[in-house]
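Each value in this text was obtained by applying a stated rule to the coordinates, not by laboratory testing. Given the structure is predicted, the values throughout are model-derived calculations rather than measurements. Using ideal geometry, Cβ is built from the backbone for each residue, glycine included, and neighbour counts are taken over all protein chains shown.
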Amino acid sequence: MTTDQIFVTLLLALPLSGFALTALVGRRLHTRAWMIAVPVLIATWAIAMYLVYQTLFLHAFGDEGLHFTLYKWVPAGNFSIDFNFAVDALTAVVLIVVTSIGMLVHVYSIGYMAHDPGRWRFFAYLNLFMFSMLLLVLADNFMLLFAAWELVGLSSYLLIGFWYNRKSAALAAKKAFIVNRVGDFGFALGIAAVWTTVGTLNFTTTEAGPGVFQLLPQALESGAIAPWMMTGIALLLFMGAMGKSAQFPLHVWLPDAMEGPTPVSALIHAATMVNAGVYFVARANPIFAQTPDAMSLVAAVGIFTAILAASIALTQRDIKRVLAYSTLSQLGYMFAGLGVGAFAAAIFHLMTHGFFKGLLFLGSGSVIHAVHEEQDMNKMGGLWRKIPITHWTMLIGSIAIAGIPPLAGFFSKDEILASAYKNGFQTVWTIGVIVAVMTGLYMFRLMGKTFYGESHVDPHIEPKIHESPRSMTVPLILLAIPSVLLGLVIGWPPESGLLHQWLAPVFEHATETLELHEAPFVFAGIDATLLFIGAAAAALGVSFGIWFFGLFGFTQRQVTVERLTDTFRPLYTASFHKWWFDELNDLIFVRFGGFVARALWWFDVRVVDGTVNGIAALTQSTGRGIRQIQTGHVQNYALGIAAGLLVIAITYIFVVAR
Amino acid sequence: MSHSLDAYLILSALLFGVGTFGFLARRNAIAMLMSIELMLNGVNLAAVAFGAFTPELQAHAALIALIVMAVAAAEATVGLAIVIAIYRNRRTPLVDEYSSMRE
């Protein structure tokens, strides 16, 4: 093994051993339960940064990236599933997000979970999650990826239901798990389809043999599989991505997942795990690029989720739920980006969103902490003087997500929208711009209700409000830095920035297949217009938000908001009730599905079991009847023999011999 | 000696019939064994009669008769042994008292 291979292995081994150790001895460490998990994660982060540096800056592994097999997991004749890993530019970029935010969330959790008796469990699960997530991004075959896919699902389940004695948390955990199973069902079928088509599950072509990403396009070209089969495979795989990344209609689990502790919401349900679907579609770009139909569907699902979630985020009262719907909406943007063929832009948004949404969630955790576990924004207000660090960092996060230049969100979001327009998806672009306005509005509604205007905090709690400990504020500050600078550093100039240079080899073939030979970005003409419209939309949304809900000196226009609400009462109600998707699911699956299940249960008990039991009863009673001829008297049997003999003899004489 | 096969066969059938009746009707185990001997002898008589009237079958008939006699001797030995064993156990030779094999 080379040094780099050892480092990759360590990247997985460290969090896994951290999980095992914390699970075994964490309880004895009491308040110091973090003492294993957090240092382990810092080491993991350092190793990841080294690998990122090697991959992206030194270009040590070439365009192809580092590929190696740790050991053969399931060798079966010609077919083999291995623990094989890949570190290429895409992996490295996602590694930056996963390990950096993971590390900061671990540090933040020291303060956030300080008073919770279950903290050792919490840190064990967090390390388990980090292991799973790293396995997911390093995996170089479908089976390993699927295993990691389920492992992150498991960690997510465990952490959503962390406060399992709270019924809503236990239910939310179950909901997340079950909804994800729906997506994974399609995902597993997709993997099976891939295997039956090309007979291997390895992603890339290595010395061990050709990979799926080479074989599938070849099979399509040679006519071995029909285009509709390719589309089918892509859509089945996309189903998995829809479940994990909570896209319509499988989006219902993510808002409820906010029942988990806030660091979990920040790490798993905003910055990393929910990006797994985006990452996977980007990773599988050679498959998706072959089927324009599937790509269009990805774009449609993405942009629809974006506007749906944004419309719900406008009226929610729970601070974390607003952020959850905002996450859905931004994930929708990413899928829209993938669908229009702007893979690099989608990954760019994944990165920037990871940082500013992680920041916003951790900030919301700090707010919730300050007002003593109150999440209703109607019971906040005027907090900005009392928790200044939280306020300033969250303000930065809000501006970043709204897409005001030159903060990070502007560059990534604008790139997705511009690509949509230039690749011929004008509808996606139009809806995207509307969503950009809504983003600004709902984020500054959140800021206004939480930090500005007069205080609605419970008077008993009011004097006790204090800024969070340093272990919580330092991660906020550290996350605010990339939220401001990341776009400028790796995203400027658009479409040819540092990130695009890194990712170019990964998406090269897909871009060629899709024939997206667009003109390079110039700061004039169509590019400048689109850039300007994007910025204007964001500014418009933010202005609305400030106008309605205040900012520092501006007062909230409670009356205007109420009048607007009254004017659009039906829309408001629909948005407030999340467009009744939970009720719809309840009707279709719980009530109607339950009715069907009960009918089938009746059929099973009465008809199927009845038939089987009837046959058994018949056999038993027949046996009981026939048993009576066993008298035990030898002469009765002899009589039977004689009678039989007589019958045979008579038959012979009168029938056969005649 | 009569020169009709039918006479032998009728006698043989009578012997077999008497034996069968005895086996089914007598309650004493020893008498039942004796009835079996009668049935065997009836069959044996038929076999030898066929042999005497059909030259090609003569050798076979003699062989069959000898084997049947040997088997009858063996059967009688084992049968008597069993009956004595049962008698020691149950203190009765009457078979309708033996009903422990009942359902």
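Descriptive notes on the structure:
- Simple Cβ-charge dipole of segment A:361-504, Lys/Arg +1 and Asp/Glu -1, about Cα centre, in debye nearest 20: 120
- Across A:LYS244/A:LYS357; A:LYS175/A:LYS244; A:LYS174/A:LYS244, pairs whose alpha-carbon gap is larger than 20 Å: none
- Look at the dipole of the protein assembly as shown built from charges on Cβ: of A:THR327, A:HIS369, A:PHE548, the Cα furthest out on the positive end belongs to A:HIS369.
- Using a simple spin-label model with pseudo-atoms 7 Å out from Cα toward Cβ, A:THR529 and B:LEU66 lie 12.4 nm apart.
- Fewest-first ranking of A:THR439, A:THR91, using other Cβ atoms within 10 Å as the exposure measure: A:THR91, A:THR439
- Residue exposure sequence - A:TRP579, A:TRP429 - by fewest surrounding Cβ within 10 Å: A:TRP579, A:TRP429
- Out of every Cα-Cα pair that segment A:395-534 contains, those further apart than 18 angstrom amount to 66 percent.
- Long-range amide H partners of A:PHE68 with built H, under 5 Å: A:PHE85
- Peptide packing for A:260-268, A:374-382 was compared via the average number of neighbouring C-beta atoms within 10 Å per residue; ordered from the highest value, the list is A:260-268, A:374-382.
- Cα shape, the protein assembly as shown, gyration tensor, a/c 1.5 rule: prolate
- 3J(HN,Hα) from dihedral phi, segment A:220-235, Karplus parametrisation 6.51/-1.76/1.60, rounded to Hz, x for glycine, proline: 5, 5, 7, x, 5, 10, 7, x, 5, 5, 4, 4, x, 4, 4, 6
- Whole-Hz ³J(HN,Hα) from phi, Karplus 6.51 cos²θ - 1.76 cosθ + 1.60, for segment A:442-447, glycine and proline x: 5, 5, 7, 5, 4, 4
- Segment A:268-410, relative contact order in percent, only Cα pairs under 8 angstrom and at least six apart counted: 24
- With only the Cα atoms considered, segment A:596-658 has a convex hull volume of 106 Å³ per residue.
- If you wrap segment A:1-149 in the convex hull of its Cα atoms and look at it from every side, the mean projected area works out to 9.3 nm².
- Amide H partners (placed H, <5 Å) of A:TRP73, local residues excluded: A:ILE81, A:ASP82, A:PHE83
- Of A:PRO482, A:GLY223, A:VAL590, farthest towards positive along the dipole that unit charges on Lys, Arg, Asp, Glu beta carbons give chain A: A:VAL590
- Rounded FRET efficiency, nearest 0.05, which uses the C-beta distance separating A:VAL559 from A:PHE592 and R0 of 60 Å: 0.85
- Applying Stokes-Einstein at 25 °C and 0.890 mPa s to the Kirkwood radius of segment A:500-658, computed over alpha-carbon pairs, gives a translational diffusion coefficient of 89 µm² s⁻¹.
- Across segment B:34-43, rounded Karplus estimates of 3J(HN,Hα) from the backbone phi angles (6.51 cos²θ - 1.76 cosθ + 1.60, θ = phi - 60°) give 4, 4, 4, 4, 4, 4, 4, 5, x, 4 Hz, Gly and Pro being marked x.
- Long pairs among A:LYS320/A:LYS386; A:LYS72/A:LYS413; A:LYS167/A:LYS449, criterion Cα-Cα beyond 31 Å: A:LYS72/A:LYS413
- Convex hull volume per residue in cubic angstrom - Cα atoms of segment A:383-436: 65
- Ranked A:THR204, A:THR22, criterion: other C-beta atoms within 10 Å, fewest first: A:THR204, A:THR22
- Label-point separation, A:ALA46 to A:ALA208 (7 Å along Cα→Cβ), nm: 3.1
- Relative contact order %, chain B, counting alpha carbon pairs below 8 Å whose residues are six or more apart: 27
- Taking max minus min of the alpha-carbon positions on each principal axis, segment B:29-103 gives extents of 51, 21, 19 Å, largest first.
- Our estimate of slack between A:ALA60 and A:THR631, defined as 0.36 nm per intervening residue step minus the Cα-Cα distance, is 196.3 nm.
- 10 Å-binned pair-distance histogram of segment A:297-420 (Cα, whole percent): 14, 42, 30, 12, 2
- Averaged over A:188-201, number of beta-carbon atoms from partner chains that fall within 10 Å: 0
- Across chain A, the relative contact order, built from alpha-carbon pairs under 8 Å that are at least six residues apart, equals 12 percent.
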